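Q: Here it is, the structure in full.
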Amino acid sequence: MQSWQGYSKIKDVDQAVAEACAHFPEQPQLVFFFSESERFPAFTRALGQKFAGAQVIGASSFVSFSPAGASEYGLQVAALTGLQLATGVLRDISTYPLKYKGAVTAALQTLAPSRLTAANTCCFILNAAGSNGEELVLDTLAEALEGTAIPVCGGSASSPAILQGQVSLNGQVLEDSTVFAFLHLPQGRIHIQQENIFTPLGKEFTVTRADVVNRIIYELDGHKAADVLSRALKLAPSELPAAAALHPVGRVDGDSLFVSEIKSVNQDGSITTYCRTFNQTRLAVLKLADIAAVQARTLAAVHQQLAQVDFSLVVNCYSRTCMYQKLGIINAFARDLQGSLGNYLGLTSYGEQYHTFQCSLTMLIVSLGAAKI
Amino acid sequence: MKIKPGFIDTNKNCNGCNKCLTVCPIPGANISVGTGEGHRIEVNSERCVTCGLCIPGCQNQAREAVDQSGSFLAELAAGKKFSLALDPALKLLYAEELPYVLGYLRALGVEKIYDISFGGDLCTWATLTYYQEHPEASKIASFCPIIVDLIEKYYPELLPELLPVQSPFMCLATYVKNYVQDKRPLVYIGPCLSKREELAAGDFNLAYTLTLDKLLLRLQQVDWHAYWSEVDLRSEDLGYLYGIRDGINENLSYFMPPHFSVLLASGLEGRRIANPNVYKSALTCGKVAPLLLNIRSGHSGCIDAPSIPDKEKRWTSVFAAVKGIRSHILTRPDYKENYQIRAELLAARFAKLNPADFKRSFTNRYYQEPRLPADVLEKIFIAMGKTTPASRKINCGGCGYATCGEMARAVAYGYNQIENCIHYATAKTRQITYTDMLTGIPNLYAFKQQTRDLFWDYPEQKYVLVYLDIKNFRMVNDLYGFAAGDQILKAVAEQAAAMTSGKGTCARIMSDHFVLCLPDSKENLPKILHHIRANTKEFKLDFPISFDLGLYRITDTEEPIENMIDMARLAQLTIKGSYDVRWAYYDEAMSEQMRREAWVTKEMRRALAEEQFQVYLQPQYDHRTHKLVGAEALVRWYHPQRGLIGPDEFIPTFEKNNFILEMDAYMRNKVCQLMAAWQAQGLPLVPVSVNLSRLELFEETLPERLSTLAAKLPPQMLRLEVTESAYTDNPAQLVTMIKRLQAKGFVVEMDDFGSGYSSLNTLHEMPVDVVKLDLRFLMGTHHEKSRVILQAIAGMLQQLQLPVIAEGVETLAQADFLTKIGCHVIQGYYYAKPMPAEQFAALLKAQGTVR
Ligand code: SF4
Ligand code: SF4
Ligand code: SF4
């Protein structure tokens, strides 16, 4: 597998595309790109035209990452060859993506499903943000991929204006949609690494009243969720909204932790999160861990799994990006990724998806490379 | 789950019977809401399709359509103008009442009255027009708003299959708005509860949706029979028949070619609409096209709507009306013509109308149901206590759902709560009924049952019932907190359970009290003592936990278990002495003692009121001069039936139940009265000692009260006896109180010195004026040793310059010895027994006083 990477901050879209793709091959198989949302439709068109024979997948990103650094403005693009892929679109993701399940199974069929394993294939998704539809997409993919071991991973597009992330496929911006791409390396290995910079505080509660669809938790252990959380954090209820960013909640599933950021603390004592929560599930209150140590472990884990990393897609949560900006470590973060992963393209996401879970405050690294013998 | 109120409501009659869940075809349309005492089921309009099935389904009349008739009549009375739209079913169901009610409403100010049957004719014409444009179309009829709502919300695959033609009501509303130019707000009257939803789809001005029954209920006081009105617009064809089961078919086949079929399909009668694919395949079955699939909501059409009460009573009216309409058509000249001519006539009738006005579109309101992760479902099952496959398939329907799985899903989505599973609730109730919630071992109720069963199962076995009390448990709670106390209770419970496992029973019956029933064997008692002692050491307490065990040997297993517990408890109460593990077996004397105490307790108040208690005085003499120098007041009880009762028989009980306070006060009162009388008689007084109980010593006003009581006496004549044990309670406060009493002139005596609690420290710190030695405690069996001890005490008291009174002196030798060692004031049988006041007065008179 081979990858090329480019970026441009030139204002003119065509010139920016020309600059960023200057060293790209004529006929790449797959082009990924991220840009700020204003010029995203124009980049979609331009790249779609330029690489008409390739699959061109893009998402708007509040901050994009690449070996060139982290940037709020500009085009970050990568071209790949030497892999097998199949792409498609799920539409109406805010209400009924299941209707398009056939698009997933059809795409899968083009790849000789029997050879697809969790180690050599993934289903990478990019969602238009703002619809709360990610979980319906994950449900749809779970149903469509039932019986396969193919892991799903990806993120929701972002923009500075909350929840207006856009996605595109082959020159078309798609509303209320998810672009999916099955990436398959017949000879190689694909590894997905999830990073949580949060760790349980040691306080867990049962969700006793929740609105699953609207992602609202009304009660934990039979008491108002906001009261329970503020007690757990030893805070006055009025201090909870400010503290919520540093204390997300997480769904505990065996050893795994699926982080869910608190979106709002509501007047009625409920909390709205970025992820769906079912009643009777256990939620843990989380606290920030040592970011640097966690990151070192994450990157080491990627290399533990792969003999060689050719290219990586990174999905980093919006709130993490904001936190890293505030801490002044955003460029160091981009550099660290480059130092460890080499060629990579990074998206700031409004929610990360891994397996059947929608998470937040998480980073996913999808690395394509060679397996260890 | 936030509940959005809608047109179907749950009123206060709801008792949470769950029946509505059983009849409702829509998961999540009914939401269980906790009420504190139980739950009720509310309607979530976001999911409800207003089918109304739960209205007759609820046997508690808790489900109803929101009644808007009050507001309508009020607005009408206030002069607001409305036009009415009458459901075609009304003419069929209420043929008799309808014209009168309409007359009354018109009198109130209703301007126009339109019968939706006219909309029925329009709808037939619009459908015909559609089929002329699409001769091979196969569609689903969109005339029932419930079915449209259902498809829009739950079966989006069927949306393209819906006939894009307005329903009769919509056609009427369109006609009235566009062609009659009537801009007045419309009021729908009819049995359908879903009309609001239907008109929301277009730009219509629908003010109210009323049912005729609710309206008639409001008009109960009105004589509407005095009015009459016809409608302004109504069907000229078969429009009225849209209200009956096969009405669509009857209307359309009158005008359509014979190969056009209207197929009736079951809709909401079961719990679920049939699989949409069934309808889809029916529609795509080319052989029957053109086709209109009529999915019906009610079995017999709109006349069967759930909002109509006692509708069967109205069937006769319906049959008559339908017959009338049909015969009217049969007698029409066009009946003889073929369908084409009839269709042409209909088209001519509406020639001036634009068919496009009567088309409609549909909205996709579907939301894909969130997929429930398997682990969440598993956790819910476990939380419901359903840990085995069989328990997950009980499917008793008690919760309102057909299966346990459905219920578990409802819990996950927040539609229902675990507590509403009947089996869960029963198990919980059983647990609460039979288990001590803190320790998890049986409670008293369960103990009684299980012990009975034990006796039944092993009739030959001899048993012992053990009553276990953790003696210093309160101290654990006070010093280490309730959590530590709870830990100890749990540990003891665990031990009790382990000891009785398989061979006996146990329970925590209250606080720190446990009962165990075990085979009466030599090994069991030591085993209990050993186990309980060994396993409480781990609690890192600064003192050992001590246990009192009362044991009752069960001789008659038929005896009530409560009695056995009482006996063991009685044995436990008799245990005295210091800590560790102590035990006592029950014997008959204990019962006797208990009965005695019960009698004393029962009689004491009456005795006080009737002055059965009498003051006796035991004189005190100076053994050197043999002169009377004082006395101690003692109580005697003369009971009218039982005669003289000794203080040993009642004082311990009085001390237990605190009656001693009243008794002491009574005695002091009497003594002061006596002394005042003697003083008045000119008798030379000697000091008299009276008791002050421990509890009184902490009453702030005590010195003042005593001063008032002894106001007529020289205060030093009243000596107050304080026991040495009072010092242990609150030494500092006691010392202050003694000083205050002394400041009032009273003499304070330390009573019973040497009775067991003595400490030299007490003597040193309690600022008493006199010490009383009780010879009964101090003279043991080893006379020589006792004499040495007495001598030492006396020497010490002399050095402290504390006067001494020796009581309990019975012989001259004792008196001589005491005098020799410095204790010369003697009280006891040697000189005199306690005597009635009169006798003592005589002594006073005879002897004079020594100061
Ligand atoms: S049927 Fe439903 S609304 Fe009626 S009483 Fe039972 S739970 Fe309440
Ligand atoms: S009206 Fe129909 S859909 Fe609504 S709650 Fe009642 S039965 Fe369910
Ligand atoms: S066992 Fe419980 S959950 Fe199952 S059907 Fe009966 S009441 Fe419902």
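Q: Calculate the length of the line joining the C-alpha centroid of the range B:692-726 to that of the range B:179-215, in whole Å.
A: 90 Å
Q: Protein chains only, probe 1.4 Å: how do B:Leu372, A:Leu183 rank by accessible area, largest first?
A: So the residues, ranked largest to smallest area, are B:Leu372, A:Leu183.
Q: Let me ask something additional. Between the range B:600-630 and the range A:230-261, what is the C-alpha centre distance in whole Å?
A: 75 Å
Q: By its C-alpha gyration tensor, with a ≥ b ≥ c as the square roots of the eigenvalues, how is the range B:612-845 shaped: rounded for a/c under 1.5, else prolate for a/b larger than b/c, else oblate? Numbers along the way, then the final one.
A: Values: a/c = 1.35, a/b = 1.14, b/c = 1.18.
Rounded, because the longest to shortest axis ratio a/c is under 1.5.
Q: Here is a follow-up. Taking amide H atoms as placed 1.01 Å from N in the peptide plane, list the residues 5 or more away in sequence, or in a different chain, whose amide H sits under 5 Å from that of A:Thr110.
A: Answer set, sorted by chain and number: none.
Q: For an R0 of 22 angstrom, estimate the FRET efficiency from the Cβ-Cβ distance between B:Ala74 and B:Asn11 and round to the nearest 0.05.
A: Approximately 0.55, to the nearest 0.05.
Q: Continuing with the same structure: Counting alpha carbon pairs within less than 8 Å and at least 6 residues apart, what relative contact order, in whole percent, applies to chain B?
A: Details: 1407 pairs, mean separation 72.6, N = 851.
Once divided by the residue count of chain B, the mean separation gives 9 percent.
Q: Just to verify a number: what accessible area does B:Trp599 come out at with the full protein assembly present, 1.4 Å probe, Å² rounded to tens?
A: 50 Å²
Q: Would you mind counting up the charge near B:Cys58? Only other residues with Cβ under 13 Å from its Cβ, with Lys and Arg at +1 and Asp and Glu at -1. Before the final figure, lay out the partial values.
A: Working: positive: B:Lys12, B:Lys19, B:Arg40, B:Arg63; negative: B:Asp9, B:Glu42, B:Glu64.
Around B:Cys58, the surrounding residues sum to +1.
Q: Would you calculate, for chain B, the mean residue ellipticity at 222 nm contributed by helices, counting each DSSP H stretch of 4 or more residues as -39,500 (n - 2.57) and dividing by all residues, to the nearest 500?
A: Numbers: 32 runs with 353 residues, N = 851.
Mean residue ellipticity at 222 nm (helix-derived): -12500 deg cm²/dmol.
Q: With θ taken as phi - 60° and the coefficients 6.51, -1.76 and 1.60, list the Karplus ³J(HN,Hα) couplings across the range A:55-71 in order, rounded to whole Hz; mark glycine and proline as x.
A: Coupling constants for the range A:55-71: 8, 10, 10, x, 8, 6, 9, 4, 9, 9, 10, 6, x, 6, x, 9, 8 Hz.
Q: For B:Trp228, list long-range residues whose amide hydrogen, built 1.01 Å from N in the peptide plane, is under 5 Å from its own amide hydrogen.
A: For B:Trp228, whose amide H was placed from the backbone, the distant partners under 5 Å are B:Gly103, B:Tyr104.
Q: Non-local amide H neighbours of A:Ala371 (under 5 Å, H modeled in plane, Pro and chain starts lacking H): which ones?
A: Those lying under 5 Å, H to H, from A:Ala371 are A:Arg189, A:Ala307.
Q: Figure the gain on full extension for B:Lys744 and B:Glu700 (residue separation times 0.36 nm, minus the Cα-Cα span) and round it to one decimal in nm.
A: Length gained, B:Lys744 through B:Glu700: 14.5 nm.
Q: Any chance you could run the full-extension gain for B:Leu812 through B:Leu438? It's 0.36 nm times the residue separation minus the Cα-Cα distance, nm to one decimal. All intermediate terms of the calculation are to be shown ahead of the outcome.
A: Numbers: separation 374, 0.36 × 374 = 134.64 nm, distance 6.37 nm.
Residue separation times 0.36 nm, minus the Cα-Cα distance, leaves 128.3 nm.
Q: In nm, give the distance between the simple-model label positions of B:Ala374 and B:Val278, each being 7 Å from the Cα along the Cα-to-Cβ direction.
A: So the two model labels end up 3.0 nm from each other.
Q: Grab the DSSP H runs of chain A that are 4 residues or longer, score each as -39,500 (n - 2.57), total them, divide by all residues and round the 222 nm result to the nearest 500 deg cm²/dmol.
A: Helices in chain A give a 222 nm mean residue ellipticity of -7000 deg cm²/dmol.
Q: Compute the acute angle (0 to 90°) between the alpha-carbon long axis of helix A:134-144 and the principal axis of greatest extent of the alpha-carbon atoms of chain A; round to the nearest 10°.
A: The answer is roughly 60 degrees.
Q: Quick check: net charge around B:Asp67, other residues with Cβ under 14 Å of its Cβ, Lys/Arg +1 and Asp/Glu -1?
A: +1
Q: On a 0 to 90 degree scale, rounded to 10, what angle separates helix A:330-341 from the longest Cα axis of chain A?
A: 60 degrees
Q: In whole angstrom, note down how far apart the Cα centers of the range B:364-430 and the range A:190-214 are.
A: Taking the Cα centre of the range A:190-214 as reference, the centre of the range B:364-430 is 23 Å away.
Q: Report, in degrees rounded to the nearest 10, the 0 to 90 angle that the Cα long axis of helix A:40-50 makes with the longest principal axis of chain A.
A: Relative to chain A, helix A:40-50 is tipped by roughly 30 degrees.
Q: Right, another one. In terms of solvent-accessible area of protein heavy atoms at a 1.4 angstrom probe, what is the ranking of A:Leu141, B:Leu108, highest value first? Mind dumping the intermediate values first?
A: Working: A:Leu141 0, B:Leu108 60 Å².
Sorted descending by solvent-accessible area, the residues read B:Leu108, A:Leu141.
Q: Count charges around B:Lys323 for me, please; just the other residues with Cβ under 14 Å from its Cβ, Lys/Arg as +1, Asp/Glu as -1.
A: Spelling it out: positives minus negatives among the neighbours equals +1.
Q: Output ³J(HN,Hα) for the range B:80-86: one whole-Hz value per residue in order, computed from phi by the Karplus curve 6.51 cos²θ - 1.76 cosθ + 1.60 with θ = phi - 60°, and x for Gly and Pro.
A: Going residue by residue, I get 6, 9, 9, 10, 9, 10, 9 Hz, with x marking Gly and Pro.
Q: Most mobile of A:Gly222, A:Gly69, A:Gly130 per a Gaussian network model of chain A (Cα springs, under 10 Å)?
A: The residue with the greatest mean-square fluctuation here is A:Gly222.
Q: Another question, then. Hey, can you list the DSSP H helices of chain B whose Cα span along the axis is 20 Å or longer and whose average Kyte-Doolittle score is at least 1.0?
A: Helices meeting the span and hydropathy rule in chain B: none at all.
Q: Shape call for the protein assembly as shown from the C-alpha gyration tensor, a ≥ b ≥ c root eigenvalues: rounded (a/c under 1.5), prolate (a/b greater than b/c) or oblate?
A: Since a/c reaches 1.5 and a/b is larger than b/c, the shape of the protein assembly as shown is classed as prolate.
Q: Rank B:Asp9, B:Asp213, B:Asp542 by accessible area, highest first, at a 1.4 Å probe radius?
A: B:Asp542, B:Asp9, B:Asp213
Q: Which of rounded, prolate or oblate describes the range A:198-287 when judged by the alpha-carbon gyration tensor and an a/c cut-off of 1.5?
A: rounded
Q: Okay, next question. Taking a virtual spin label 7 Å from the Cα of B:Leu800 along the C-beta vector, which residues in the range B:679-695 bring their backbone nitrogen under 17 Å of it?
A: none
Q: Accessible area per residue of the range B:612-845 at 1.4 Å probe, in Å²?
A: 46 Å²
Q: Which FRET efficiency value, to the nearest 0.05, do you get for B:Ala265 and B:Phe319 by plugging their Cβ-Cβ distance into 1/(1 + (r/R0)^6) with R0 = 22 Å?
A: According to the calculation, E is roughly 0.35.
Q: How far apart, in nm, are two points set 7 Å out from the Cα along the Cα-to-Cβ line at B:Thr736 and at B:Leu479?
A: 2.6 nm
Q: With θ set to phi - 60° and the Karplus curve 6.51 cos²θ - 1.76 cosθ + 1.60, what are the ³J(HN,Hα) couplings of the range A:25-35 in order, to the nearest whole Hz, using x for Gly and Pro?
A: In residue order, the calculated couplings are x, 5, 10, x, 7, 9, 10, 10, 8, 10, 8 Hz.
Q: For A:Lys224, what accessible area in Å² do you get when you roll a 1.4 Å probe over the heavy atoms of the protein chains, rounding to the nearest 10?
A: Around 110 Å² of this residue is reachable by solvent.
The values are calculated or read from the model by the stated rules, or taken from the named source; none is laboratory data. As the structure is a computational prediction, the values presented were derived from the model and not from experiment. Quick reminder, even Gly has a Cβ in these numbers, built from the backbone with ideal geometry, and neighbours come from all protein chains shown. All accessible areas refer to the heavy atoms of the entire protein, side chains included, with ligands and DNA or RNA removed. Shrake-Rupley method; radii C 1.70, N 1.55, O 1.52, S 1.80 Å.
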